[in-house]
1. So, in nm, how far is label residue 335 from label residue 7 when the simple model puts each one 7 Å beyond its Cα toward the Cβ?
2. Is segment 234-343 best put as rounded, prolate or oblate by its Cα gyration tensor, with a ≥ b ≥ c the root eigenvalues, rounded for a/c under 1.5, and otherwise prolate when a/b is larger than b/c, oblate when not?
3. For segment 267-285 and segment 35-67, what is the separation of their C-alpha centers, rounded to whole Å?
4. Work out the length of the dipole vector of the chain about its Cα centre, built from +1 on the beta-carbon of each Lys and Arg and -1 on the beta-carbon of each Asp and Glu, and round it to the nearest 20 debye.
5. Express as a percent, rounded to the nearest 5, the fraction of DSSP beta bridges in the chain (both residues included) that run antiparallel.
6. Just flag the trypsin sites (Lys or Arg not before Pro) in segment 3-107 sitting in loop per DSSP whose Cβ has no more than 10 other Cβ atoms within 10 Å.
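The numbers here are math on the coordinates, done by the rules we state, and not lab data. What you see is a predicted model; the values in this text were computed from it and never measured. FYI the Cβ positions are ideal-geometry reconstructions off the backbone, even for glycines, and counts take in every protein chain you see.
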Amino acid sequence: MKESLPLLPTSVVGSHGLPGWLWLAREALEARRLGATDVKEVMEDATQLALLDQERAGVDVLSTGEMGRVRFIVGFYERLTGIRHLEASRRLGAPHWDTYGPFEAVEKVDAPQGLGIVEEYALARALTARPLKATVPGPFTLLIPLRPGSGYRDRDSLLADLVAIVNRECRALVEAGADFIQIDEPNYAMYRGATPELAAVFNRAVAGIRAKIALHVCFGNLHGRPFPAVRSYRHLFPALYDVKAEQILLEFANRGMEDAGLWKEFPTDKELGAGVIDVKAFKTETAADVAARIRTLLQYVAPHKLWLNPDCGFWETPRWATREKLKALVEGALLVRQELAGR
C-alpha cells in the first residue's frame, strides 16, 4: 500500500454491523417491493454508513463493509452457474451450518459475471479517500457447500475451477484499483491433514496478482458461534508461511490469546493481523482490554510486523456494538503506540 500508516495499524476483517433498516430493506427485496434503482440506493447508503463508522472510529485501513453480502458466502452462489440448490438436512431447532441447504454441481461451475466484489469495491472506493482493502472468499471456503455432480469426478476438479474464479476476481479487482486484497479462508482451521495442499491451492488462487495479499483464517462465526470443537492453529504452522501472502490474519481475542506464542516458535517475515476484538462476545471491550491483548502479542511479534483487527467480521454483531468495539480497537492501539514511543 502506498499510504503512510502508523505503527500498529488498525484494520477490520471485512463485514460491518448491519443497521436495522438494512434488514428491513432485505425483507422488502425478497418480497419484490424494491426496484433496481431502490436496490442501488440502499447499497450505496449502507456502504457509506459502514465507511463512515470506520472513519469516525479512526480505523487506519477500511473495508467495504460487505453490506450486500448474505451470510458471508451464501449470496455468491446466486452468481455461480452450473449448480442447483439442495434441501437442507435439518429444518427444526436453532439454525446453523446444517440448516442451510448445500449446492450440487450439475455442470461446469463458473461465474461469468464475476462474484460482484469488483462492483462492491468500486462503490466503496468512490465513497472514501481512505486506504481500503478488498475481501474475497477463497476457493476452499467456496467449496464447502458444493457437492461434485455431473462433469466433476471429485472435489479436487471442482476446486480447480473455483481457484480460477477467485484468481479472475482478484485480477479484476487490481484493474479496478485495489492494491490490498484479503483472501478469506476461515475453514483452513478445520482441515487436520494435507496442510501443504492448502498453501499450494492458495498460491494458485493469487498467482499473478499485483497487490498486497493477506490471508484470513479463523474458526467460523455463523450465528456468532465457531465451527470446530478444537480451536488451535498449531497444525497449520509452518504451512501457513508457505502461502504467498504478506500478511496472515488470525483470531486470538475469543480464545484468550492462545497460540500467540506460535508466531515466535515459527519465525517468519510476514505481518500478523492479530484479532484483538472478540466479535463473538456481546460485551464491548475497553481500550485497556485491547491494550493488554496487544502487549501480550508484542512478546512474540515485532511492533513493525503487527497489525490489529477484530477476530472476524462484524456481520453477526449489532451495529451499535460494532461501533463501540471499533472505538476500543483504535483507542487500545493508541495507548500501546504511546507506550512504545515513550521508550
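1. Reported label-point gap for residue 335 and residue 7 is 1.7 nm.
2. It comes out oblate by the Cα gyration axes.
3. That distance is 22 Å.
4. Dipole of the chain, to the nearest 20 debye: 320 debye.
5. 10 percent
6. Those that pass, being in a loop and sparsely packed, are 32, 33, 91.
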